[in-house]
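In what follows, a structure is listed as structure tokens, so that the remarks can point back to it.
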Amino acid sequence: MHADVLRAINVQINSEFSAWYQYLAMAAFCEREKFTGAARWLKSQSAEEYQHGMKLFDFVNARNGAVELTRIEQPTREFESFGEVFEAALRQEEAVTGQINALYELCFKNKAFAEMTELQWFLTEQVEEEKTAREIVAKFRLVGDDPGSLLDLDRELGQRTQP
């Protein structure tokens, strides 16, 4: 495996685990505020981010590379509103998309074809991740602070099943 590509994949592994941790903190905030449907959705999202990190972790090991785990920074734990939680989630997904795109470009430049093939899954996944986050943010913007609508939205979010 090309050294620059391996280094970049290791950065992405750690980024995925940071996203796992951040979604878990978001879930804890929602749970504490009794927005339990959103908490369930965020716990599922957290588990999905962990799986993404493990997918790259396993790929690096399969290619006989060295996985380098780094320290996970303290996640944001407090938010002004439930809508803000999902605004932050959307920003996070957009950032991850940028990271994956840059990683794919690096692989292309280095003719790291196996790595490009592995990353194709992530490119497709990020389209779905951003779409879902944008839809949820749009709903929060639509309902504003209306208590009944927020309860309905919370109920809807809680219907997500584990990945």
Inset, instruction - Specify the angular offset, from 0 to 90 degrees and rounded to the nearest 10, of the alpha carbon long axis of helix 36-62 from the longest principal axis of the alpha carbons in the chain. - result: 0
Inset, instruction - Would you kindly find the accessible area of Cys107, with a 1.4 Å probe and non-protein molecules such as ligands, DNA and RNA excluded, rounding to the nearest 10 Å²? - result: 0
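How about region 16-105: which GluC sites (Glu not before Pro) there lie in a loop by DSSP and see at most 15 other Cβ atoms within 10 Å? Could the numbers behind the result be given before it?
Values: sites: Glu16, Glu31, Glu33, Glu48, Glu49, Glu68, Glu73, Glu78, Glu80, Glu84, Glu87, Glu93, Glu94, Glu105; in loops: Glu33, Glu68, Glu73, Glu78, Glu80.
Those that pass, being in a loop and sparsely packed, are Glu33, Glu68, Glu73, Glu78, Glu80.
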Legend entry - Max mean-square fluctuation residue, GNM over the chain, Cα-Cα springs under 10 Å, options Ile100, Ile72, Ile136: Ile72
Legend entry - Whole-Hz couplings from phi, Karplus 6.51/-1.76/1.60, listed for region 16-26; x for Gly and Pro: 5, 5, 5, 5, 4, 5, 5, 4, 5, 5, 5
Inset, instruction - Can you work out the PRE-style zone for Ala114? Point 7 Å along Cα to Cβ, and I want the residues of region 48-67 with backbone N under 17 Å. - result: 55-67
Inset, instruction - Would you tell me the accessible area of Phe57, worked out with a 1.4 angstrom probe on the heavy atoms of the protein chains, in Å² to the nearest 10? - result: 50
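Compactness ratio of the chain: Cα Rg over 2.2 N^0.38 Å, N = residue count?
Working: Rg = 17.0 Å, N = 163, 2.2 N^0.38 = 15.2 Å.
Computed over Cα atoms of the chain, the ratio equals 1.12.
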Inset, instruction - Report Arg91's accessible area, 1.4 Å probe, all protein chains in place, as a number in Å² to the nearest 10. - result: 140
Legend entry - Most mobile listed residue (Ala27, Ala62, Ala19) in the chain, GNM with C-alpha springs under 10 Å: Ala62
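Taking only DSSP H segments of four or more residues, each worth -39500 (n - 2.57), what value at 222 nm results for the chain once the sum is divided by all its residues, to the nearest 500 deg cm²/dmol? Walk me through the intermediate numbers first.
Details: 5 runs with 127 residues, N = 163.
Calculated at 222 nm, the ellipticity per residue is -27500 deg cm²/dmol.
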Legend entry - Net length gained if the chain between Arg155 and Leu123 were fully extended (0.36 nm per residue, minus Cα distance): 8.5 nm
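The values are calculated or read from the model by the stated rules, or taken from the named source; none is laboratory data. Note that the structure is predicted; figures quoted are calculated from it, not measured. Ideal geometry is used to build each Cβ from the backbone, glycine not excepted, and the neighbour counts take in all protein chains shown. In case anyone asks, the SASA skips ligands and DNA or RNA and just uses the protein heavy atoms, side chains included. Shrake-Rupley method; radii C 1.70, N 1.55, O 1.52, S 1.80 Å.
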